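Take a look at the structure below.
The values are calculated or read from the model by the stated rules, or taken from the named source; none is laboratory data. Quick caveat: nothing in here was measured; it's all calculated off a predicted structure. FYI the Cβ positions are ideal-geometry reconstructions off the backbone, even for glycines, and counts take in every protein chain you see.
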């Protein structure tokens, strides 16, 4: 288990927890400043939940790199506005729809 996943899971369970993780194992967590320790099974369950959430949002990461830069999108919108194409026939809409179609949520 990665050190960063352990830390993320602990922070998701208890955002005010004070701790240090040594290595990549839940057995090597030092709980600091009166923080109540979280069980290894609760940490592992939270890690599973975080990993599932991350995997479920892959489409968002794919879309983010496929979208044109904001300045390019604004230029598309400007040209669509001047051509009275603020509907599905506009270039901005076509671009956004193509990205969404290529990277569906499900």
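Mind checking whether some residue in segment 72-93 is at pLDDT below 95 and either closer than 22 Å to residue 4 by Cβ or in a loop (DSSP other than H, G, I, E, B) (or both)? Outline the logic, then answer.
At the first step, the residues of segment 72-93 found to be at pLDDT below 95 are none.
There is no residue in segment 72-93 that is at pLDDT below 95 and either closer than 22 Å to residue 4 by Cβ or in a loop (DSSP other than H, G, I, E, B) (or both).
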**Q.** segment 26-41: number of residues that are assigned to a helix (DSSP H, G or I) and surrounded by 15 or more Cβ atoms within 10 Å (Cβ to Cβ)
**A.** 1
Q. What are the residues in segment 54-71 that are in a loop (DSSP other than H, G, I, E, B) and under 30 Å from residue 9 (Cβ atoms), if any?
A. 57
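Which of the residues that make up segment 26-54 are farther than 30 Å from residue 106 by Cα and under 24 Å from the mean Cα position of the chain (by Cα)?
Once the filter is applied, which keeps residues that are farther than 30 Å from residue 106 by Cα and under 24 Å from the mean Cα position of the chain (by Cα), segment 26-54 yields only 26.
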Q: Name the residue, out of 68, 97, that is more than 27 Å from residue 16 (Cα to Cα), outside the structural domain of residue 14 (by TED's automatic domain parsing) and in contact (Cβ under 8 Å) with a residue 24 or more places away in the chain.
A: 68
